[in-house]
Amino acid sequence: RIGRSSLLAIALGLAPYKDPFFTSNRNESHGKVMGPEPFPPLQAAVATFSNGPVAFADGVDFIDATLLNRSINADGEILRPDIGMVSIDRSYLVEAFETAPFAKRQWPVEGAQRPENMISRSVVGDPGVEYLHLLSADLEKPLKISVKELAKSLPPLHQKQKEEENDNEGCCSSNTEYLVYMRRYGNVPRVTDNSLTDRVYIVKDADATITIPSVPLPEFTLTHITRVGDGEGVHYILLGETGKWLPISKNRVVDVVPRRAGLSVHFRGVPDEHVTLQFARISAYNESISSNSGRVTFVELTCRIGSTGIALAVVQDGAEGLCRTPPTQ
């Protein structure tokens with residue numbers, strides 16, 4: 001629960017830090033700190049989005065490598081967002097005016113809930129494709145919120161965006177559709193992506209409401225949001241490495257270049273590392289097709305990183321996905 005303190009650290013130019021955690025919920029009988037850890041996946045996800053170290057404190061025989069691999073590339077580099085997660089603005093208002101019991105007793109107390117909704121951002125490529133990342137946990141009731149309200153909880157990307165917000169243009173486009181990609185995780189890390197519960201749908205603009213379902217501990221939800229794009233026709237959107245906590249990171253994605261009815265993605269990693277990327281294909285708007293799922297299909301592409309540490313993935317409508325590795329200089 002570091003979303004509130006993260007705001008101060010970020011303002012001071014520091015990386016927020018979540019303390020060490022156990023990757024396993026098995027008891028450790030020979031360490032100075034005794035287990036079990038009640039929420040290993042949630043702890044690992046929060047640590048990854050904090051922008052500080054992912055500090056695991058397990059004994060040698062208790063480390064869950066599968067869980068840790070969700071945070072890193074093959075060389076152990078943490079896949080980070082551009083900014084550490086902070087609580088959304090509404091969290092402060094709810095705690096101040098709608099949760100009177102917390103004013104009368106110190107939290108945490110047994111049985112008390114404290115809804116957590118923390119927002120982060122990644123921007124990849126030039127001029128930049130923006131992704132919002134929302135982590136939700138301990139929600140007794142669904143959260144209904146717009147893309148614009150979520151984005152306004154984060155500092156502006158740059159001075160131009162700040163000026164636009166001051167001119168009441170808002171942080172997000174009111175005339176562009178957004179893709180919402182939601183995944184729910186339990187307390188047992190799942191290895192295969194197909195075993196995860198996914199919800200993918202499109203909202204008509206940044207003012208439209210998205211709904212985050214109620215999610216009791218130890219479960220939590222990660223929601224990723226990005227623009228569909230301008231113009232008519234088919235659009236491809238990079239969903240990224242959906243097997244990682246953060247599917248889109250500058251530590252992995254170098255550039256995203258739109259093509260005619262397609263997309264090119266330059267990404268980096270360790271030579272000979274195999275990287276699996278997911279893409280969403282968005283068909284043109286049609287009143288007869290549901291905006292939730294009927295317009296969205298998926299493409300998966302696994303590419304090998306070349307000796308230069310760079311690879312290129314290309315998806316094109318009507319053609320098979322293509323992987324390329326630049327030649328050695």
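General observations
- Residues of the range 203-253 classified as more than 27 Å from Asn117 (Cβ to Cβ) and touching a Phe, Trp or Tyr at 6+ places or on another chain (Cβ under 6 Å), total: 1
- Note on the range 40-84: residues that are out of contact with any Ser or Thr (no Cβ under 8 Å at 6 or more places or on another chain), part of a loop (DSSP other than H, G, I, E, B) and open to solvent by less than 20 Å² (accessible area, probe 1.4 Å) amount to 3.
- Subset of the range 255-272 that is on the phi < 0 side of the Ramachandran plot and surrounded by fewer than 17 Cβ atoms within 10 Å (Cβ to Cβ) - its residue that is farthest from the chain's Cα centre (by Cα): Arg260
- Test for Thr223: is it at pLDDT below 90 and within 28 Å of Gly269 (Cα to Cα): no
- Sole residue being in contact with a strand residue (DSSP E or B) (Cβ under 8 Å, 6 or more places away or on another chain), under 19 Å from Lys141 (Cα atoms) and modelled with pLDDT of 75 or more, chosen from Ser120, Ser91: Ser91
- Note on the range 139-155: residues that are in contact with a helix residue (DSSP H, G or I) (Cβ under 8 Å, 6 or more places away or on another chain) and under 8 Å from Ile210 (Cβ atoms) amount to 1.
The values are calculated or read from the model by the stated rules, or taken from the named source; none is laboratory data. On a predicted model such as this, the values are computed, not experimentally measured, just so you know. For neighbour counting, all protein chains shown are included, and Cβ atoms are generated from backbone atoms with ideal geometry for every residue, glycine included. What goes into the accessible areas is simple: the full protein's heavy atoms, side chains included, and nothing from ligands, DNA or RNA. Shrake-Rupley method; radii C 1.70, N 1.55, O 1.52, S 1.80 Å.
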